Amino acid sequence: MGFRFQKRLSILPGVRINLSKGGVSTSVGPRGADVNIGRNGVTTNAGIPGTGLSYRSKLGGHGGKIGVLTLVVGLGVWAFQHFGKIEKTVAPVTSHITQIPATQTGQVAPAPSSDIRYVHREGSVLRETESTSGKSLKKEPKGAQVTLLQSDGDWAKVQDGALTGWMRMSVLGSAPPD
């Protein structure tokens, strides 16, 4: 059995450089629905993340139309799954902007820079950086109250007492858990 080498470098959200012993390629698109551009041509990939089920097709051949169709369907599913996250991230920012009161001197008071969130999953990790490989600062219990300082897509910068770190947005809610 021969040796394999594969490394993926994320350069922008949804854009990755793939390095392997066979060469360099670029993948564009979310996990589960992407287009790969390499020395052997353009390939579409569509799958269900975490299941091992996927469909791969080289563009330009007889399967190209199926590949494009599966890519479009995959992107639609991804957008549907992430629409609620985007709405939750944008809504707190716009609500703070509309609530800025004017003072007697005509100056505008600063908007509140934080928001209370509740941990919805037992043992959620507060990390030093916005990465699953970031150093673990603390494991938060379900129902813990943290202050949201910044939201960056899938990650949120939060403060718990004297500790400030990053947690996944998916484990945080605006209401206490059941």
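The values are calculated or read from the model by the stated rules, or taken from the named source; none is laboratory data. Computed from a predicted structure; not experimentally measured. With ideal geometry, Cβ positions are generated from the backbone for all residues, glycine too; neighbour counts draw on all protein chains shown.
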Completion exercise
Of the residues in the stretch 135-159, those that are among the acidic types (Asp, Glu) and not in a loop (DSSP other than H, G, I, E, B) come to 140, 152
Handout entry: Per-region count, the stretch 135-178, residues out of contact with any Phe, Trp or Tyr (no Cβ under 7 Å at 6 or more places or on another chain), within 24 Å of residue 14 (Cβ to Cβ) and among the charged types (D, E, K, R)
Key = 2
Exercise for the section: Examine the stretch 16-25 for a residue that is aliphatic (A, V, I, L, M) and modelled with pLDDT under 85, and state whether such a residue exists. Expected result: no
Fill in the blank from the handout: By residue number, the members of the stretch 113-125 that are more than 13 Å from residue 169 (Cβ to Cβ) and buried (at least 16 other Cβ atoms within 10 Å of the Cβ) are 125
Fill in the blank from the handout: Subset of the stretch 8-21, residues over 15 Å from the mean Cα position of the chain (by Cα) and within 24 Å of residue 53 (Cβ to Cβ), comes to 8, 18, 20
Completion exercise
So, first residue touching a residue at least 60 places away in the same chain (Cβ under 8 Å) in the stretch 167-178, second residue assigned to a loop (DSSP other than H, G, I, E, B), Cβ within less than 6 Å, six or more apart or across chains; the pairs are 169/154
Problem - the stretch 133-169, subset at pLDDT below 90 and of a type in the set (Ser, Thr, Tyr), residue surrounded by the fewest Cβ atoms within 10 Å (Cβ to Cβ) - result: 133
